[in-house]
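The block underneath contains the structure these notes are about, expressed in structure tokens.
The values are calculated or read from the model by the stated rules, or taken from the named source; none is laboratory data. Note that the structure is predicted; figures quoted are calculated from it, not measured. No Cβ is skipped: glycine too gets one built from the backbone with ideal geometry, and neighbour counts run over all protein chains shown.
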Amino acid sequence: MILHDFWRSSAAYRVRIALNIKDVDYRAVAHSLLKGEQRSEDFLALNPQGLVPALQIEQGVLAQSLAIIEYVDEVQPQPALLPAGAFERATVRAMALGVACDIHPLNNLRVLNYLRSEFKADDNAVNSWVRHWIVAGFVALEEQASRYSTNGEFCFAARVSIADVCLVPQMYNARRFGCDLSAYPTLVSIDAHCRGLDAFASALPESQADAPVS
């Protein structure tokens with residue numbers, strides 16, 4: 001497998017975590033979103049959406065992080081990232097989608113760049129925008145996680161799921177943009193536990209080959 005990646009993309013971060021949990025061997029190919037490399041002719045031929053991540057497999061190229069993660073979960077069933085029961089699976093998916101559909105798109109680099117270019121938003125205004133939408137999503141996610149987490153280590157029950165795979169990169173973004181996380185003790189606890197696991201730690205943005213050297 002070839003993962004088309006960018007070190008600071010939180011959607012790509014999710015996929016790296018999932019591949020690591022499944023112990024899948026893959027090669028990462030970096031495309032700098034800051035330089036617009038995802039819009040190159042060669043990359044658009046692979047993924048017409050012009051976004052990372054994209055997962056190149058024998059049958060073709062898969063786009064969209066949650067579609068990729070569920071594909072990997074199906075072809076490499078253990079450890080499962082979705083519970084066995086229909087209600088439980090839907091609950092976990094709802095938490096994951098709360099991040100992937102409601103929070104993350106409004107923090108996406110292309111959205112922030114549009115705010116800057118079309119509405120002349122300065123850094124303070126952009127950062128305020130990001131924090132507003134993270135907080136709006138985290139209020140609900142904290143309630144869901146506190147309801148369904150068994151021990152404050154994972155979002156659902158006592159095992160890793162796609163909800164955790166989505167939460168940790170979004171918590172990374174929250175810290176990056178200076179969000180006050182004191183109102184979300186369950187999310188903070190889950191994030192701390194998951195980041196201590198090898199599969200999450202090795203997916204950390206700063207640990208990627210294309211990350212800038214500090």
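Restricting the search to segment 66-89, which residues are in a helix (DSSP H, G or I) and in contact with a helix residue (DSSP H, G or I) (Cβ under 7 Å, 6 or more places away or on another chain)?
To start, the set of residues in segment 66-89 that are in a helix (DSSP H, G or I) comprises 66-75, 86-89.
Within segment 66-89, Leu66, Ile68, Ile69, Val72 meet the criteria.
Kindly evaluate Glu118 against the criterion of being in a helix (DSSP H, G or I), at pLDDT 95 or above and not assigned by TED's automatic domain parsing to the domain that holds Leu181. It would help to see each step written out before you state the result.
Values: in a helix (DSSP H, G or I): yes; at pLDDT 95 or above: yes; not assigned by TED's automatic domain parsing to the domain that holds Leu181: no.
Answer is no for this residue.
Quick grid of which residues meet (1) among the hydrophobic types (A, V, I, L, M, F, W, C); (2) surrounded by 12 or more Cβ atoms within 10 Å (Cβ to Cβ); (3) in the same structural domain as Gly50 (by TED's automatic domain parsing); (4) in a helix (DSSP H, G or I):
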{"site": "Tyr114", "(1), (2), (3), (4)": "no, yes, no, yes"}
{"site": "Val130", "(1), (2), (3), (4)": "yes, yes, no, yes"}
{"site": "Phe138", "(1), (2), (3), (4)": "yes, yes, no, yes"}
{"site": "Glu143", "(1), (2), (3), (4)": "no, yes, no, yes"}
{"site": "Arg147", "(1), (2), (3), (4)": "no, no, no, yes"}
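Among the residues of segment 27-46 satisfying the criterion of being crowded, with 18+ Cβ neighbours inside 10 Å and in contact with a Leu (Cβ under 9 Å, 6 or more places away or on another chain), which is farthest from Phe200 (Cα to Cα)?
Top of the filtered list is Gln38.
I need a count of the residues in segment 88-117 that are within 18 Å of the chain's Cα centre (by Cα) and under 27 Å from Ser146 (Cβ atoms).
Step one: of segment 88-117, the residues within 18 Å of the chain's Cα centre (by Cα) are 91-112.
Narrowing the set further to residues that are under 27 Å from Ser146 (Cβ atoms) leaves 91-107.
Residues in segment 88-117 being within 18 Å of the chain's Cα centre (by Cα) and under 27 Å from Ser146 (Cβ atoms): 17 in total.
Which one of these does Val52 not meet: (1) among the aliphatic types (A, V, I, L, M); (2) touching a Phe, Trp or Tyr at 6+ places or on another chain (Cβ under 8 Å); (3) not assigned by TED's automatic domain parsing to the domain that holds Ile17?
(3)
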